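The structure under discussion appears below in the form of structure tokens.
Quick note: the coordinates plus some simple rules give every number you see, no bench work behind them. Predicted model only: the values in this text are computed from it and were never measured. Cβ coordinates were reconstructed from backbone atoms using ideal geometry, including for glycine residues, and neighbour counts include every protein chain displayed.
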Amino acid sequence: MAARARHTLERLQRAREFLGVILPGEEPEHLSMLLHVDPDEQFLIIDELNPPRRAAMPAGEEVLCLGRAGGMFVGLRCTLERRQDWEGYGALRLRWPHALYQLQRRANYRVPVRPGDVSGLEMFRRGARSLQAECLDLSASGMRVRALAPGDFDLAGNEWIERLRFDLEGQAIECAAQLRFVRVLRAAAGEAAARLVGLSLQQLSMPQQRLLQRYVQRRDRELLRDGRL
């Protein structure tokens, strides 16, 4: 059991996936990322919460973290030890999970895209220059993308994208989109600043919806067959 927990946590860290963090008595879900796993000292380091907690989190408070390891959704129940700096940024130190369990996959699940399956992705923004991006994963109604930081006006949560264009396996899709979250990615020295963005696809035609659904279902079967989901 201990080896399995360590393996799952290390996969979560390597994937650099977002964690959803739920705190007792709070309705909104916060976002974070697993930065460090220490099985010897039995603690985890996660990034500061986004949006930030209004009140300071007391030591010993329980948190529920929801993430994905290899396509499987995983839940972690941990308690907070303290807030600390990590590599020059604010972070939270959690005790080793006292419960770790796999969750049922969502009906509207996302799949990681194969290189080249999604190309020419561009966001046409109102009052700002268009922005090219790389699709990381895709569902029938949304996607997660990585883009360089805009040179004019930064992206903002809930921003409306009037036109989003991309090719899915050579077939053009054009629709609107709503930003659901924007995350500033940590950049190493000499690297350009980047953003991780969640998009909700809007105003899709029925043929476009079917195209996305077929791709996600086929890709899901491929990953299941390969043992990656």
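Against the chain, whose longest principal axis is taken from its Cα atoms, helix 206-225 shows a tilt of about 40°. Each of Glu41, Glu174, Glu48 was scored by other Cβ atoms within 10 Å of its Cβ. Arranged with the fewest first, they read Glu41, Glu174, Glu48.
Residue exposure proxy: Ile173, Ile46, Ile22, ordered by other Cβ atoms within 10 angstrom of their Cβ from fewest to most, comes out as Ile22, Ile173, Ile46. Using only side-chain charges placed at the Cβ, +1 for Lys and Arg and -1 for Asp and Glu, the dipole size of segment 2-102 relative to its Cα centre rounds to 260 debye.
Simple spin-label estimate for Arg16 and Arg95 gives 3.2 nm between the two label positions (7 Å along the Cα-to-Cβ direction from each Cα). What percentage of all Cα-Cα pairs in the chain are separated by more than 22 Å? In whole percent, the long-distance tail amounts to 56. Computed about its Cα centre, the charge dipole of the chain is approximately 680 debye, with only Lys, Arg, Asp and Glu carrying charge at their Cβ. Below 11 angstrom from the Cβ of Leu201, what's the summed charge of the other residues (Lys, Arg +1; Asp, Glu -1)? It works out to a net charge of 0. If the segment from Ala172 to His7 were pulled out straight at 0.36 nm per residue, it would be longer than the present Cα-Cα gap by 55.5 nm. The alpha-carbon positions of segment 2-102 define a convex hull whose volume is 98 Å³ per residue.
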